[in-house]
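**Student:** First the structure, which I've put down as structure tokens, then a few questions once you've had a look.
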Amino acid sequence: MADLLKKRIALITGASRGIGSAIAKGFAAEGAHVILVARTVGGLEEVDDEIQAAGGSASLVPMDLKDFPAIDRLGASIHERWGKLDILVANGSMLGQLTPIHQYDPILWDEVIAVNLTANQRLLRSKDPLLRKSNAGRVIFVSSGTAQTARPFWGAYAVSKAGLETMARSYAAENANSKLKINIVNPGATRTNIRAAAYPGEDPKTVKAPKTLVPLFLELASPACLRNGDLIKA
Ligand SMILES: NC(=O)c1ccc[n+]([C@@H]2O[C@H](COP(=O)([O-])OP(=O)(O)OC[C@H]3O[C@@H](n4cnc5c(N)ncnc54)[C@H](OP(=O)(O)O)[C@@H]3O)[C@@H](O)[C@H]2O)c1
């Protein structure tokens, strides 16, 4: 066990698999206590088993990111137990449909915007006061290349990520003179469920594994990080 994030409290959404799971394991291996959010209890437990086997510690929070009052309650629980939050990784996300904008299912559209965008504002609403209690609060938003390229057929996903990036940059600018450091990562093509759903014909072995992203997330989460408001393509 190394100690880059020793005793730091890190909340990671979308931690039941894929990139979030790799970040959780990477942070725990550096001494952080990780709070893992996702809906799939089995996935969270598998990540927890691996973290514990490596000597780390985690708290599991099975939760739907569309349940905004539950996001608020999580803020109250973190406050009660730790009185602060050092790191927030806003990673949880859904793909939705790949289809022309005008044909997008309206219910699914709202769901994608809720999970990928609104839930992250809701996270900030209840976690910002806790991040300010940290001596070096760090926030990392996970975006996508689709936010910048207006890629055809990516619909609500691309729109949600564009909104997320604008929200993250506004939040970073609002905190330019604070101890908080807020950055955005575009992970690029990574071997996960979202990638497989978007590119079903692709051989997964041709794209990088989630754990290759861990060093970048560690850099942005560490108390030594001085970057703020950056969009970093992995
Ligand atoms: N993989 C890529 O090539 C790629 C490229 C660009 C950007 N990204 C971004 O990377 C991030 C991680 O995605 P991934 O590639 O690792 O995909 P993934 O393996 O499908 O992971 C998505 C995570 O989000 C969680 N999630 C989805 N809907 C949720 C909900 N309603 N409530 C709570 N949790 C929810 C999932 O958990 P449950 O299903 O258990 O709830 C899962 O843990 C996302 O922000 C994605 O947009 C990925």
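**Student:** Return yes or no: is residue 196 within 14 Å of the ligand (Cβ to nearest atom) and under 27 Å from residue 163 (Cβ atoms)?
**Tutor:** Taking the combined requirement at face value, the residue satisfies it.
**Student:** Quick one: residue 215 ticks every box in (1) within 15 Å of the ligand (Cβ to nearest atom); (2) exposed (fewer than 14 other Cβ atoms within 10 Å of the Cβ); (3) under 17 Å from the mean Cα position of the chain (by Cα) bar one, so which box is it?
**Tutor:** (1)
**Student:** Same structure, new question: Limited to segment 37-85, what total is found for residues that are within 16 Å of the ligand (Cβ to nearest atom), in a helix (DSSP H, G or I) and farther than 26 Å from residue 111 by Cβ?
**Tutor:** Residues flagged as within 16 Å of the ligand (Cβ to nearest atom), in a helix (DSSP H, G or I) and farther than 26 Å from residue 111 by Cβ within segment 37-85 amount to 4.
**Student:** Is it true that some residue in segment 67-86 is under 14 Å from the mean Cα position of the chain (by Cα) and closer than 30 Å to residue 151 by Cα?
**Tutor:** no
**Student:** Also: Among the numbered criteria (1) in a helix (DSSP H, G or I); (2) within 13 Å of the ligand (Cβ to nearest atom); (3) farther than 20 Å from residue 198 by Cβ, which one does residue 89 miss?
**Tutor:** (1)
**Student:** While we're here: Just for segment 176-193: of the residues that are more than 8 Å from the ligand (Cβ to nearest atom) and in a strand (DSSP E or B), which one is surrounded by the most Cβ atoms within 10 Å (Cβ to Cβ)?
**Tutor:** 182
**Student:** Determine which single condition residue 144 fails, assuming it passes every other condition in (1) over 25 Å from residue 95 (Cβ atoms); (2) surrounded by 17 or more Cβ atoms within 10 Å (Cβ to Cβ).
**Tutor:** Exception for residue 144: condition (1).
**Student:** Could you tell me how many of the residues in segment 1-36 are near the ligand (Cβ under 8 Å from one of its atoms) and touching a strand residue (DSSP E or B) at 6+ places or on another chain (Cβ under 7 Å)?
**Tutor:** 6
Values in this text are rule-based calculations from the coordinates and carry no lab data. Please read all numbers here as calculations on a predicted model, not as lab measurements. Here Cβ is always computed from backbone atoms with ideal geometry, including for glycine, and neighbour counts include all displayed protein chains.
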